[in-house]
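The values are calculated or read from the model by the stated rules, or taken from the named source; none is laboratory data. None of the values given here were measured: they were computed from a predicted structure. Using ideal geometry, Cβ is built from the backbone for each residue, glycine included, and neighbour counts are taken over all protein chains shown.
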Amino acid sequence: TTTIPSLHSVYKDYFPIGAAVNSFTLRSEKEFIAKHFNSITAENEMKFESLHPKENEFTFEKADEMFSFADENHLKVRGHTLIWHNQTPNWVFEDEKGDSVSKERLLSRMENHISTVAGRYKGRIYSWDVVNEAISDHDDEYLRKSKWLEILGEDFISKAFELANKVDPEAALFYNDYNESNPEKREKIYRLVKSLVDKGTPIHGVGLQAHWNLYQPNLDDIRTAIERYASLGLQLQITELDVSAFGWDDKRTDLKEPTREILELQAERYDQFFDLLREYREVITSVTFWGVNDKYTWLSDFPVKGRVNWPFVFDKNQEPKESFWKLINFK
Ligand code: XIL
């Protein structure tokens, strides 16, 4: 493996190359991660339910372990995520009787969560996903219907940014979302982020999750999205990149290994994506894959049960795929 170049080293003049890690990969893939990546994100370990399962109980062990690993290997850390509708325990939105909590109490819980979590890791996180996925995917709806929105109103978003900024003023604060290149959703994300910028909210970046696949989105839509968000004067980060081997309506579960065609098409897609990302190196301040190699991906079993997927540039044995060589060989 000594002949395989380190991915992040090849990109040193472009952007940090990150990966989402979890307790499995932090056990078995340590050397591999430290070789190829210079930024990490917790795939689940820093979400609300992981860090703050009960009102008066914080559980920092797993996140702390990740920070030790990062420190030992000089890796940057992206924080993911403070305020989200998913993987947030029910207690947050309920009072003692199980009824919906008051606006005041929810606000003080949000404040407590953000100040405790962002405070603990203050100075060690270069970018925080402060609010995740607040925009609706439905054509006739702007903000996603969530408990945060229902109880606190639209201001929950700017409040979260203000709190995070107060606690960790050095961290770049991001709004993060998926389907970010879809024209309708793109305009809603733009509208939200612009409204935050216009009212002076401390927001510094837009995270493009980039859960892409062999066929979608098309390059023009990605380019337009990058241009549009960057026009707000913010930095951009690719936060959760994977390139699924299946199109949206492909529900096959019988493939046990990727076919030749899949590997070739995937390499072509990765080649085009990274050409585009390198072109925007002035605004793109990191690119993170949502996993380390094909052995560990949330896309195996999701959204199609029983289906294996191979979305990364390294296979399940940590070996480089054709996609990897495309990322390495550019002019
Ligand atoms: C996913 C994780 O990868 C899974 O392990 C978990 O079961 C569900 O969440 N958008 C996000 C990420 O912002 O936090 C999600 O991560 C993937 C979609």
Restricting the search to the stretch 1-53, which residues are part of a helix (DSSP H, G or I) and under 28 Å from W91 (Cα atoms)? F48, E49, S50, L51
Filter the stretch 22-44 down to the residues that are aromatic (F, W, Y) and out of contact with any Leu (no Cβ under 9 Å at 6 or more places or on another chain), then identify the one that is nearest to E65 (Cα to Cα). F24
Is it true that M66 is in a helix (DSSP H, G or I), hydrophobic (A, V, I, L, M, F, W, C) and within 16 Å of the ligand (Cβ to nearest atom)? yes
When you check A20 against the structure, is it in contact with a Gly (Cβ under 9 Å, 6 or more places away or on another chain), surrounded by 17 or more Cβ atoms within 10 Å (Cβ to Cβ) and at negative phi, yes or no? yes
Among the residues of the stretch 180-201, write down those that are farther than 17 Å from V283 by Cα and surrounded by 18 or more Cβ atoms within 10 Å (Cβ to Cβ). K185, R186, K188, I189, L192, L196, T201
List the number of the failed condition for S68; all other conditions in (1) in contact (Cβ under 8 Å) with a residue 12 or more places away in the chain; (2) under 30 Å from E29 (Cα atoms) hold. (1)
Please work out which residue is farthest from G247 (Cα to Cα), limiting yourself to the stretch 280-309 and to residues that are surrounded by 24 or more Cβ atoms within 10 Å (Cβ to Cβ) and away from the ligand (no atom under 15 Å from the Cβ). S286
List pairs: first in the stretch 268-295 and within 21 Å of N309 (Cα to Cα), second of a type in the set (K, R), Cβ under 7 Å, 6+ apart or cross-chain? Y270/K326; D271/K326; T288/R78; N293/K316; D294/K316; K295/K316
Residue selected from the stretch 89-112 under the condition free of Cβ contacts under 8 Å to residues at least 40 places away in the same chain and in a helix (DSSP H, G or I), by the criterion nearest to the ligand (Cβ to nearest atom): N90
Condition met for E154 (crowded, with 20+ Cβ neighbours inside 10 Å and without any contact (Cβ under 8 Å) to a residue 60 or more places away in the chain): no
Return the residues of the stretch 237-252 that are away from the ligand (no atom under 16 Å from the Cβ) and modelled with pLDDT of 95 or more; say none if nothing qualifies. A245, F246
Only one of these conditions is not met by I226: (1) closer than 23 Å to V131 by Cβ; (2) of a type outside the set (S, T, N, Q); (3) within 16 Å of the ligand (Cβ to nearest atom). Which number is it? (3)
Pick from the stretch 310-322 the residues that are closer than 21 Å to L26 by Cβ and in a loop (DSSP other than H, G, I, E, B): which of them is nearest to the ligand (Cβ to nearest atom)? P311
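Does V287 satisfy the condition of being over 22 Å from E261 (Cα atoms), among the hydrophobic types (A, V, I, L, M, F, W, C) and not in a loop (DSSP other than H, G, I, E, B)?
Considered against the rule, which asks whether it is over 22 Å from E261 (Cα atoms), among the hydrophobic types (A, V, I, L, M, F, W, C) and not in a loop (DSSP other than H, G, I, E, B), V287 comes out as yes.
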Only one of N86, N132 that is within 16 Å of the ligand (Cβ to nearest atom), loosely packed, with under 12 Cβ neighbours inside 10 Å and not aliphatic (A, V, I, L, M): N86
